[in-house]
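Reading through the structure tokens given below for one structure.
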Amino acid sequence: QVQLVESGGGLVQPERSLRLSCVASGFTFSTYSMRWYYQAPGKERELVAAISIDGGATNYDDSVKGRFTISRDNAKNTVYLQMNSLKPEDTAVYYCNALRGAVRYWGQGTQVTVSS
């Protein structure tokens, strides 16, 4: 059974940090690129960050460049999103996504709320 389980979300004050984790199972994690998406209230789901299968290449939405870092540990079947200098506009549900060609898997999402 394919599973992507996110954790690490919560309520945090502006300028603080969170680290999201997504643990994968049921497929060969090391052959999939991994992505984080977010969906803010009233908005469509959008790509936040992506990482290649070996972690050697990453890309980010302009709104998070310099603040967020995506990484992966293939030995642990886990992808991370380190979120620093958080802003209220980062508030959203964050989703883990695995991609290989036409195959996509999604996690259930974890809520991040940035508020003072």
For the stretch 3-19, 3J(HN,Hα) per residue [Karplus equation, 6.51 cos²θ - 1.76 cosθ + 1.60, θ = phi - 60°, Hz, x = Gly/Pro]: 9, 10, 10, 8, 7, x, x, x, 9, 9, 7, x, 6, 8, 10, 9, 10
Directionally averaged projected area (convex hull, Cα atoms, the stretch 75-116), nm²: 4.3 nm²
Extension gain (nm, one decimal) between Thr28 and Asn59, 0.36 nm per residue minus Cα-Cα: 9.0 nm
Sequence ranges 69-75, 18-24, ranked by mean other-Cβ count within 10 angstrom, highest first: 18-24, 69-75
All Cα pairs of the stretch 39-84, percent lying beyond 15 Å: 49 percent
11 Å beta-carbon shell around Trp106, net charge (K/R +1, D/E -1): +2
Environment charge at Val23 (Cβ cut-off 12 Å; Lys +1, Arg +1, Asp -1, Glu -1): 0
Unit charges on C-beta of K, R, D, E only; dipole of the chain, Debye: 160 debye
Length released on extending from Lys87 to Ser52, taking residue separation times 0.36 nm less the Cα-Cα span: 9.9 nm
Whichever lysines have a C-alpha closer than 20 Å to that of Lys87, once near sequence neighbours (fewer than 8 apart) are set aside: Lys43, Lys65
Sites Ser115 and Val5 - FRET efficiency at Förster radius 22 Å, r taken between beta-carbons, to 0.05: 0.30
Percent breakdown of C-alpha pair distances by 10 Å bin, ordered from the shortest bin, for the stretch 1-95: 16, 50, 29, 5
Whether the stretch 17-60 is rounded, prolate or oblate, judged on the alpha carbon gyration tensor where a/c under 1.5 counts as rounded: prolate
Highest to lowest packing among 39-45, 25-31, scored as the average C-beta count within 10 Å: 25-31, 39-45
Residues Gln13 and Asp73, FRET efficiency given R0 of 30 Å [Cβ-Cβ distance, rounded to 0.05]: 0.60
Dipole of the chain, positive direction: furthest Cα of Met83, Gly9, Thr31, with charges on the beta-carbon: Thr31
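We did not get these values from a lab; they are worked out from the coordinates using the rules stated. Fair warning: this is a prediction, and the values are worked out from it, not measured in the lab. With ideal geometry, Cβ positions are generated from the backbone for all residues, glycine too; neighbour counts draw on all protein chains shown.
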